[in-house]
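Worksheet: one structure, shown below.
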Amino acid sequence: MITQEELGVIKATVEEFLAKMTVIGFTLQATSPASDAVDLRIDLAEPQFLIGQDGKTLLDLQRLLKIVLHKKLGKVFYVKLDINEYNTKKTEHVKKMASQAADQVSLTGISKTLPPMSSYERRIVHAELAGRSDVTTESQGEGESRSVVIMPR
């Protein structure tokens, strides 16, 4: 369980980390929605250099912070980083794209392959469409070209 004291240490550590990266003018919120998780939300005027192309820099930053925080607190927990709600918006976009593609597959009876996605994005698609009785999903491909295929049942 993440205590309020540990949450304070996490917040101070992340603020120090960002200051050393010369990130200025940001706000940071640190919450613990579950006993083994910490959500970090950073808002700043120019977020693109922390997000990077397709969120790759954001993922790398999340990994680094996870390592630093685990070492600092001496315990393992999930760290979720979101900058200017990028991940929230991206998740909603992926869900919408999956639903629209599934509707199209259901209507036409023709399978549809979505663009290549990260494992996290593919998991979102599978979860979003798992409750549907008219389509099924399957990941295909290798490495960075791995994508989800939506097929009629």
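Which of the residues belonging to the stretch 49-73 are assigned to a helix (DSSP H, G or I), of a type outside the set (A, V, I, L, M) and over 19 Å from Ala19 (Cβ atoms)? Before you say what the answer is, go through the steps one by one.
Applying the first criterion (assigned to a helix (DSSP H, G or I)) to the stretch 49-73 yields 49-51, 53-73.
Checking which are of a type outside the set (A, V, I, L, M) leaves us with 49, 53-57, 60, 62-63, 66, 70-72.
Passing the criteria: Gln53, Asp54, Gly55, Lys56, Arg63, His70.
Can you tell me which condition Thr22 does not meet? The list is (1) loosely packed, with under 12 Cβ neighbours inside 10 Å; (2) polar (S, T, N, Q); (3) assigned to a strand (DSSP E or B), and all the others hold.
With respect to (1) loosely packed, with under 12 Cβ neighbours inside 10 Å; (2) polar (S, T, N, Q); (3) assigned to a strand (DSSP E or B), Thr22 is out only on (3).
Here's the yes/no breakdown for (1) in contact (Cβ under 8 Å) with a residue 12 or more places away in the chain; (2) under 30 Å from Thr13 (Cα atoms):
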position: His70; (1), (2): no, yes
position: Gly74; (1), (2): no, yes
position: Leu81; (1), (2): yes, yes
position: Lys96; (1), (2): no, no
position: Ser99; (1), (2): yes, no
position: Ser111; (1), (2): yes, no
position: Leu129; (1), (2): yes, no
position: Asp134; (1), (2): yes, no
position: Glu138; (1), (2): yes, no
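Tell me, please, whether a residue that is assigned to a helix (DSSP H, G or I), within 21 Å of Val135 (Cβ to Cβ) and in contact with a strand residue (DSSP E or B) (Cβ under 7 Å, 6 or more places away or on another chain) can be found in the stretch 89-102. Steps first, please.
Step one: list which residues in the stretch 89-102 are assigned to a helix (DSSP H, G or I), which gives 89-102.
Now drop any that are not within 21 Å of Val135 (Cβ to Cβ), which leaves 91-102.
Applying the additional criterion that residues be in contact with a strand residue (DSSP E or B) (Cβ under 7 Å, 6 or more places away or on another chain) yields 101-102.
So far as the stretch 89-102 goes, yes, one or more of its residues are assigned to a helix (DSSP H, G or I), within 21 Å of Val135 (Cβ to Cβ) and in contact with a strand residue (DSSP E or B) (Cβ under 7 Å, 6 or more places away or on another chain).
Go through (1) closer than 15 Å to Asn87 by Cβ; (2) outside any helix (DSSP H, G or I); (3) hydrophobic (A, V, I, L, M, F, W, C) one by one and return the number of the condition Ala30 breaks.
Looking at each condition in turn, Ala30 falls short on (1).
Rule-based calculations on the coordinates, nothing more; no lab input. These figures come from a predicted structure and were not determined experimentally. Quick reminder, even Gly has a Cβ in these numbers, built from the backbone with ideal geometry, and neighbours come from all protein chains shown.
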